[in-house]
Amino acid sequence: MNLAAGWGLVSALLVLRVQADVLTEELSDNQNQMVRLVMEKFHQRDLQNAYRMTSVVKAEEVYNSGIFVNVEFLVKQTSCRKHDWSKPDCKVVKNARTYNCFGCYKFEYDAHSVISKVEECILTRNLRAGRQNQRNDLCKEVEKKDPERTIPGVYSFLKTE
């Protein structure tokens, strides 16, 4: 009886997870820019093959003293070499390694330069609840960053009145 209830709960969670996926075509320009930056950094690792984003788990964009972008997505190993990661014809290999990537970026409004960021890509099998909570806490810190208070005095000479 308990085993059946457990499988029912697991099935329900899987259904919720699938429904939470966001289509990659629905990402904003800022979200796509953040994904590109995370993918560029990811491919600087010691990898043999290229990886391709296969789905978006979560996408958020908030406008408060800058543009805050938070995206979590999955990438899978492809048949292409690492330096060809941005080519659209790279096919996902059978039994591909899958990484869960996330990034939280705070951009300036006008210049779209990065004020603060946190990013990480780990194997999906290594993502635990504690790690997810840690990611959420780090994202909250990135979102709170104020461009005026990031480094006191740095921008004061650039402002004209």
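Output the residues belonging to segment 21-45 that are open to solvent by 50 Å² or more (accessible area, probe 1.4 Å) and either of a type in the set (Lys, Arg) or closer than 19 Å to Arg97 by Cβ (or both).
Result: Arg36, Glu40, Lys41, Gln44, Arg45.
If only one of Gln44, Gln19, Gln31 is at pLDDT below 90 and of a type in the set (S, T, N, Q), which one is it?
Working: Gln44 fails: at pLDDT below 90; Gln31 fails: at pLDDT below 90.
None of the others qualify; the one that does is Gln19.
Here are the criteria: (1) open to solvent by 40 Å² or more (accessible area, probe 1.4 Å); (2) more than 14 Å from the chain's Cα centre (by Cα). Tell me which single one Asn136 does not satisfy.
Unmet condition: (2).
Of all residues in segment 103-129, which are open to solvent by less than 30 Å² (accessible area, probe 1.4 Å), in contact (Cβ under 8 Å) with a residue 40 or more places away in the chain and within 15 Å of Phe42 (Cα to Cα)?
Scanning segment 103-129 gives Gly103, Cys121.
Select from segment 49-104 the residues that are hydroxyl-bearing (Ser, Thr, Tyr), over 16 Å from Cys121 (Cβ atoms) and in contact with a Lys or Arg (Cβ under 6 Å, 6 or more places away or on another chain) and list them in ascending order.
Passing the criteria: only Ser79.
Would it be correct to say that Glu61 is under 19 Å from Cys104 (Cα atoms) and modelled with pLDDT of 90 or more? Can you show your working first?
Details: under 19 Å from Cys104 (Cα atoms): yes; modelled with pLDDT of 90 or more: yes.
For Glu61, the condition - under 19 Å from Cys104 (Cα atoms) and modelled with pLDDT of 90 or more - is met.
Can you tell me which residue is farthest from Tyr99 (Cα to Cα) among those in segment 46-78 that are of a type in the set (Val, Ile, Thr), within 14 Å of the chain's Cα centre (by Cα) and buried (at least 20 other Cβ atoms within 10 Å of the Cβ)? Before you say what the answer is, go through the steps one by one.
Filtering segment 46-78 down to residues of a type in the set (Val, Ile, Thr) leaves 54, 56-57, 62, 67, 69, 71, 75, 78.
Now drop any that are not within 14 Å of the chain's Cα centre (by Cα), which leaves 54, 56-57, 69, 71, 75.
Now drop any that are not buried (at least 20 other Cβ atoms within 10 Å of the Cβ), which leaves 56, 69, 71, 75.
Working: Val56: 12, Val69: 20, Val71: 14, Val75: 5 Å.
Of everything passing the filter in segment 46-78, Val69 is farthest from Tyr99 (Cα to Cα).
The values are calculated or read from the model by the stated rules, or taken from the named source; none is laboratory data. Note that the structure is a prediction, hence the values are computed from the model and not measured. Backbone-built Cβ (ideal geometry, glycine too); neighbour counts: all protein chains shown. What goes into the accessible areas is simple: the full protein's heavy atoms, side chains included, and nothing from ligands, DNA or RNA. Shrake-Rupley method; radii C 1.70, N 1.55, O 1.52, S 1.80 Å.
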